[in-house]
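Notes for the one structure printed next.
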Amino acid sequence: MINDQKICFSGVQPSGNLTIGNYLGAIRNFSNYSDAYKCFYCVVDQHAITVRQVPAELRRRTYETLALYMACGLDPEKNTLYVQSHVPAHAELGWILNCFTMFGELSRMTQFKDKSSRHADNVNAGLFTYPVLMAADILLYQTDVVPTGVDQKQHVELCRDIAERFNQIYSGTFTVPEPMISQSGKKIMSLAEPTKKMSKSDENPNAVVYILDDKDTIIRKFRRAVTDSDTCVRFAEGKDGINNLMTIYSCFTGKTMEEIEREFDGKGYGDFKTAVGEVCADALAPVQARFAQLLADKAGLEAQMKKGADEASYYARKTLSKVQKKLGFVPVPRG
Ligand code: TRP
């Protein structure tokens, strides 16, 4: 608890572009959490280097990720937004927790199995212990809830096991966090293969709409979206493509499926696809404008980064000192 508020923590990779799936399913809702929780959002640059990065791109994306979160409505006055490598306690606790995590546990992580087959030439130890650094991220802040996608659920469960193990040996040290899996994000599907989730790493650029795509691109992608051979805009089993477009339209407009069916009664798929593209582009336009503004003011962005790092360090240090004391580490003798 911080000032009577429960604690919420989430990490975001500074890699790849964020999609409308990320936006509708997660980021857009983050700003609502700050009333109920004390929230920390961390750009995880140290996790990013578990696969090879081009340094200039990693640097650029770190700024961009922070700016994009702010542009999507995360107020840095209400939330702690910062960069992982600015708070060394993450790496320090990460090492300690390595000694409380079993080889067998890490071997069972599906993301490790998946990434090590995709990057077979670079199966480094960091990729293997990735979930331990993630556990350190979460546990440093005595986190109660972790909003994240289903793909990270197994990592949050491992984090709980590590926390419980440590608490059992050294008595209550860490809050044991709960995953908070967003339901709506799961529902945004690829535009090219609507039975598959929309993924930022999809190789087909027409399958994915990015938050930063311009209006023409957005409309073109929606016009090319794969649909069935029916002609009637109707939400029904087997109409995966149309169901997905209706879901997206509904998320952006707040209209129900029945309202959408009525609105497009007698109109074809072409008109509907254009309309989905229009509402999406119009909803993203202010986010994009704000993003450009934030990114143009590098000093302002850096001031936020610094403020976030100072705030995060304060809480992280408290937990780390407690852990070090319990382990038997000798504190640096004072002067
Ligand atoms: N592993 C997460 C992902 O790829 C990112 C992440 C790092 C994270 N540390 C975290 C998410 C802590 C939630 C909490 O999406």
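What is the sum of charges around V123, taking Lys and Arg as +1, Asp and Glu as -1, for the other residues whose C-beta is under 15 Å from the C-beta of V123?
Numbers: positive: R52, K113, K115, R118; negative: D114, D121.
So the environment of V123 carries a net charge of +2.
Expected output is a single nm value to one decimal: the length gained when fully extending between E302 and T274, i.e. 0.36 nm times separation in residues minus the C-alpha distance. What is it? If you can, show how the numbers build up before the last one.
On the way: separation 28, 0.36 × 28 = 10.08 nm, distance 3.90 nm.
Taking 0.36 nm per residue and subtracting the Cα distance, the gain is 6.2 nm.
Could you give the nm distance between label points at S321 and I2, where each point is 7 Å from its Cα heading toward the beta carbon?
With each label placed 7 Å out from Cα toward Cβ, I get 1.6 nm.
Looking only at the range 1-44, which residues have a backbone nitrogen under 20 Å from a spot 7 Å from the Cα of Y314 in the C-beta direction?
From the range 1-44, the list is 1-10, 34-43.
If you take every residue apart from T110 with its C-beta less than 14 Å away from the C-beta of T110, what net charge results, scoring Lys and Arg +1 and Asp and Glu -1? Don't jump to the answer; show the numbers that get you there.
Numbers: positive: R108, K113, K115, R118, K153; negative: E105, D114, D151, E157.
Its environment carries a net charge of +1.
Pick from S171, S34, S15: which is most flexible by mean-square fluctuation in a GNM of the chain where alpha carbon atoms under 10 Å apart are linked?
S171
Which one of F291, T231, G241 is farthest out on the positive end of the charge dipole of the range 205-292, using unit charges on Cβ (Lys, Arg +1; Asp, Glu -1) and the Cα centre as origin?
Farthest along the dipole direction, towards plus: F291.
Taking the Cβ of each residue in S182, S201 as the centre, tally the other Cβ atoms inside 10 Å and list the residues starting with the fewest. Don't skip to the answer; put the middle values down first.
On the way: S182 18, S201 10.
With the fewest neighbours first, S182, S201 line up as S201, S182.
Place a +1 charge on the Cβ of each Lys and Arg in the chain and a -1 charge on the Cβ of each Asp and Glu, then give the dipole magnitude about the Cα centre in debye, rounded to the nearest 20. Don't jump to the answer; show the numbers that get you there.
Working: 41 positive and 40 negative charges, 189 e Å.
Here the size comes out at about 900 debye.
Once you place label points 7 Å from the Cα toward the Cβ at D151 and K255, how far apart are they in nm?
3.2 nm
Which entries of K197/K239; K153/K322; K197/K273; K153/K187; K6/K153 have Cα-Cα distances beyond 22 Å here? Intermediate values should be presented prior to the final figure.
Working: K197/K239 15 Å; K153/K322 27 Å; K197/K273 19 Å; K153/K187 17 Å; K6/K153 20 Å.
Violating the 22 Å limit, Cα to Cα: K153/K322.
Among I219, I2, what is the fewest-to-most ranking by other Cβ atoms within 10 Å? Could the numbers behind the result be given before it?
Numbers: I219 19, I2 13.
The fewest-first ordering by Cβ neighbours comes to I2, I219.
How would you order 287-297, 57-67, 138-148 from highest to lowest mean count of nearby Cβ atoms within 10 Å?
Details: 287-297: 15.3, 57-67: 18.8, 138-148: 23.8.
The peptides rank, most packed first, as 138-148, 57-67, 287-297.
Could you work out the relative contact order of the chain, using alpha carbon pairs under 8 angstrom and six or more residues apart, expressed as a whole percent?
21 percent
Between H119 and E57, what is the label-point separation in nm under the 7 Å Cα-to-beta-carbon projection?
Label-label distance for E57 and H119, simple model: 1.2 nm.
At a temperature of 25 °C and a viscosity of 0.890 mPa s, determine how fast the chain diffuses translationally according to Stokes-Einstein, using the Kirkwood radius over alpha-carbon pairs as Rh; express D in µm²/s, rounded to the nearest whole number.
Values: Rh = 21.5 Å.
This corresponds to a translational diffusion coefficient of 114 µm²/s.
Tally Lys and Arg at +1 and Asp and Glu at -1 over the other residues with C-beta under 14 Å from the C-beta of F235: what net charge comes out?
Values: positive: K187, R234, K239, K255, R262; negative: D228, D230, E237, D240, E258, E259, E261, E263, D265.
Neighbourhood net charge equals -4.
So for T195, T80, fewest C-beta neighbours within 10 Å to most, what's the order?
Working: T195 9, T80 23.
Taking fewest neighbouring Cβ atoms as first place, the list is T195, T80.
Would you list the membrane-span-like helices of the chain, meaning whole DSSP H runs whose alpha-carbon atoms span at least 20 Å along their axis and whose mean Kyte-Doolittle value is at least 1.0? All intermediate terms of the calculation are to be shown ahead of the outcome.
On the way: long enough: 55-71 (24 Å, -0.44); 125-140 (22 Å, 1.66); 153-170 (26 Å, -0.79); 269-296 (39 Å, 0.51); 298-327 (41 Å, -0.95).
In the chain, the long hydrophobic H runs are 125-140.
Give the residue list of GluC sites (Glu not before Pro) in the range 171-264 that are DSSP loop and have at most 16 other beta-carbon atoms within 10 angstrom. Can you show the working numbers first?
Values: sites: E203, E237, E258, E259, E261, E263; in loops: E203, E237.
Counting only loop positions with at most 16 other Cβ atoms within 10 Å, the GluC sites (Glu not before Pro) in the range 171-264 are E203, E237.
Here, each number is a calculation from the coordinates, and none is a lab measurement. It should be emphasised that the depicted structure is a prediction, and the values quoted were computed from it without experimental measurement. So basically every Cβ, Gly included, is an ideal-geometry build from the backbone, and we count neighbours across all protein chains shown.
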